[in-house]
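Worksheet: the structure to be examined is printed underneath.
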Amino acid sequence: GEAAGAQGKFWEMYDLLYAKQDDWGDVANPLSRAQAVERFMGYARELKLDENKFRADLEGNAYAANISADLAAADASGVNSTPQFFVNQTMVENPSYADIKAEIDRQLAQ
């Protein structure tokens, strides 16, 4: 996502990664690094990204520090999955509309 974002297509890659998560995110049968790179290169082609830059960013771990910082921030806030929702710094455990609305109403009543 970060490598696509460097080319102005973060959200497009975000959408593809979630839409095609079953193609690359099987925990029981994970792809090798080489297979994952090739899968993501296919997404880069689909988005018409500069493939050489995307591959260099991906294989060179160009955004590893950004990702590590995001993971540390998530850990510090108690997030262990996505999506996760907060209302005024209160994590909503069951992110349904009803639960989010109930938390907003609870906070407004204070």
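The values are calculated or read from the model by the stated rules, or taken from the named source; none is laboratory data. On a predicted model such as this, the values are computed, not experimentally measured, just so you know. So basically every Cβ, Gly included, is an ideal-geometry build from the backbone, and we count neighbours across all protein chains shown. Side chains are part of the model used for accessible areas, which takes the heavy atoms of the whole protein and leaves out ligands, DNA and RNA. Shrake-Rupley method; radii C 1.70, N 1.55, O 1.52, S 1.80 Å.
A few remarks follow.
- Selection of first residues in the stretch 1-29 that are more than 10 Å from Leu47 (Cβ to Cβ) and in contact (Cβ under 8 Å) with a residue 40 or more places away in the chain and of second residues that are acidic (Asp, Glu) and part of a helix (DSSP H, G or I), restricted to Cβ pairs under 9 Å at least 6 apart or on distinct chains, gives the following pairs, ordered by first then second residue: Glu2/Asp57; Ala3/Asp57; Ala6/Asp57.
- Any chance Ile67 is β-branched (Val, Ile, Thr) and open to solvent by 70 Å² or more (accessible area, probe 1.4 Å): yes
- Residues being without any contact (Cβ under 8 Å) to a residue 24 or more places away in the chain and at negative phi - total across the stretch 41-52: 5
- Residue within the stretch 14-23 that is exposed (fewer than 11 other Cβ atoms within 10 Å of the Cβ) and of a type in the set (Lys, Arg) present: no
- Total residues in the stretch 43-54, condition exposed (fewer than 14 other Cβ atoms within 10 Å of the Cβ) and of a type outside the set (D, E, K, R): 1
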